[in-house]
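The values are calculated or read from the model by the stated rules, or taken from the named source; none is laboratory data. All values reported here derive from a predicted model rather than from experimental measurement. Cβ: placed from backbone, ideal geometry, glycine included. Neighbour counts: every protein chain shown.
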Amino acid sequence: MQNRLLYCSILSIALISACATKPPEAAAQRIVMLGDSLTHGNQWGNTFPACEVLDMGVSGSKVEDIENRLAQVSAAKPDVVFVMMGTNNIWRGQTVDETLVKYQRVLTKLTSLTPRVIALKVPEASDGMPDYAKYNQSIQQLNAGIAEISQKSSIDFVDPGIDGADIQYLRVKDGVHLQKPAYNLWSKKISSLVTCAKR
């Protein structure tokens, strides 16, 4: 009986000590920014200064090109992936339906690689782009499809807030690529979506 009481006393002290011990500091979150030249045009480390941020935006990338880079995403072991893609598919004449089939395939693969995926609305073009009205109509249809796919996949679909009345001010002369004020808006919109733990 005494041995049992001694054992319980030692166990109680051990449990109290364990509870009093400070838990290990949480690891910094690793974020991947995945996309094309629109993604590559910003310094994303300034948006998430307490996180490790990997810019995996590559100029000219279509959705299928991004799919071919998913092994790099997997190797990075990110906690969160922001993805914006589809601009170059539409720009180069692929249909919305063709693009959405590829988009859904990439999202499905991404959700198996990382705990959280955030799909970003594809921005429209200003009148600096030839035939921008037709292009924007396709982009609007693409975004509607992305929103539907995201909802069915329980993925956040976020508008970075870089269209609208100020679109001329937010685009460079080609009507597609983004000025610094557009990236400022984009950064502000997404910065609150991820909580970073300092290293």
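The listed residues are 101, 73, 53, and the only one of them that is within 23 Å of residue 152 (Cβ to Cβ) and surrounded by 18 or more Cβ atoms within 10 Å (Cβ to Cβ) turns out to be 73. Could you list, in sequence order, the residues of the range 120-153 that are modelled with pLDDT under 95 and of a type in the set (S, T, N, Q)? Once the filter is applied, which keeps residues that are modelled with pLDDT under 95 and of a type in the set (S, T, N, Q), the range 120-153 yields only 153.
Beta carbons closer than 6 Å, at least 6 apart along the sequence or on distinct chains, pair a first residue in the range 28-42 that is on the phi < 0 side of the Ramachandran plot and touching a residue at least 12 places away in the same chain (Cβ under 8 Å) with a second that is among the aromatic types (Phe, Trp, Tyr) and surrounded by 20 or more Cβ atoms within 10 Å (Cβ to Cβ) for 31/48; 33/44; 33/82; 42/183.
Among residues of the range 183-198 being touching a residue at least 40 places away in the same chain (Cβ under 8 Å) and in a helix (DSSP H, G or I), the one that is surrounded by the fewest Cβ atoms within 10 Å (Cβ to Cβ) is 191.
When the criteria are applied in full, residue 92 meets the requirement of being basic (Lys, Arg), modelled with pLDDT of 95 or more and more than 17 Å from the chain's Cα centre (by Cα). Residues that are in a helix (DSSP H, G or I), among the small types (Gly, Ala, Ser) and within 15 Å of residue 105 (Cα to Cα) within the range 129-153 comprise 145, 147, 150, listed in sequence order. Only a single criterion out of (1) without any contact (Cβ under 8 Å) to a residue 60 or more places away in the chain; (2) under 16 Å from residue 63 (Cβ atoms) is not satisfied by residue 146, namely (1). Counting residues in the range 84-93 that are farther than 16 Å from residue 35 by Cβ, without any contact (Cβ under 8 Å) to a residue 40 or more places away in the chain and not in a loop (DSSP other than H, G, I, E, B) gives zero. Residues that are part of a helix (DSSP H, G or I), over 18 Å from residue 82 (Cα atoms) and aliphatic (A, V, I, L, M) within the range 95-128 comprise 96, 101, listed in sequence order.
Taken over the range 56-83, the criterion of being β-branched (Val, Ile, Thr), assigned to a helix (DSSP H, G or I) and within 22 Å of residue 96 (Cβ to Cβ) is satisfied by 63, 66. Filtering 119, 133 for residues that are in contact with a Phe, Trp or Tyr (Cβ under 6 Å, 6 or more places away or on another chain) and within 20 Å of residue 38 (Cα to Cα) leaves a single hit, 119.
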